[in-house]
Amino acid sequence: MILPMASAQLIRGERILQAFDEWTARWHQGPIVPNPPDKFDAVIEGLHYANFELWHHEDRARDVQSGDAAIAAAKRAIDLINQRRNDQIERCDELLLEELSAEKLPNPQAELHSETPGMMLDRLSILSLKMYHTREETERIPSPPGHRERNLRRLMILENQRNDLATCLDRQWQRVLSGELRFQVYRQLKMYNDPDLNPALYDK
């Protein structure tokens, strides 16, 4: 799915949720690593794929039966993917600001919002994955008594939370376009993957 590129259409919660759900279902059938160009819709796909990979590596990291070597490998993969995830969040915000600059936005006098669209997209991505896997649990056979009912309740909560967040994202974007709100790129500046900044690496 290609998201529209006009400024007013760049952020539309309903379309983004639909894209997340479609990508999630497709990758579970046979994941294809996205190789996104430097476009907003493709960067969102790259962000969601990073969270997709993180989800499954986190599962493997908690499998105590798999042995120490496998768990260590999963943890190392998590570090690298998490770096890519944070890079994609920042890139989302950079591309949005580039698009807005042509319209002399965001308004430099507007209220500053500390949570950026990229951060909210990341949260929506994770909620979409939670919903997919919770829905799987409602269909699991065999399962413990009450398992399906418990996960149906969880699924309802997740859906409500995701819809609320998508609505907040839409409202935030409309306020940015109207000049009422502004945001900026917040750099994560991770240190643990940098051999010049992590003492456990540079001391060796």
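At a glance:
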read-out	value
Where labels lie 7 Å past Cα in the beta-carbon direction, separation of Arg187 and Met156 in nm	4.7 nm
Candidates Gly67, Gly46, Gly118: whichever shows maximal mean-square fluctuation once the chain is modelled as a Gaussian network with Cα springs under 10 Å	Gly67
Reciprocal of mean inverse Cα separation for region 98-204 (Kirkwood radius, Å)	17.4 Å
Within a Gaussian network of the chain (alpha carbon springs, distance under 10 Å), most fluctuating of Ser125, Ser143, Ser178	Ser143
Cα-based helix-to-principal-axis angle, 147-177 vs the chain, degrees rounded to 10	20 degrees
Relative contact order [Cα under 8 Å, 6+ residues apart], the chain, whole percent	25 percent
Rh by Kirkwood over Cα pairs, then Stokes-Einstein D for region 21-153 at 1.002 mPa s and 20 °C, µm²/s	125 µm²/s
Sulfur and carbon atoms: percent of accessible area, the chain [1.4 Å]	51 percent
Region 67-109 residues near the modelled Leu197 label - backbone nitrogen below 17 Å, point 7 Å along Cα→Cβ	79-91
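The values are calculated or read from the model by the stated rules, or taken from the named source; none is laboratory data. Everything quoted here is computed from the prediction, not taken from an experiment. Neighbour counts are summed over all protein chains in view; Cβ atoms, including those assigned to glycine, are modelled from backbone coordinates with ideal geometry. Only protein heavy atoms, including side chains, enter the accessible area calculation; ligands, DNA and RNA are left aside. Shrake-Rupley method; radii C 1.70, N 1.55, O 1.52, S 1.80 Å.
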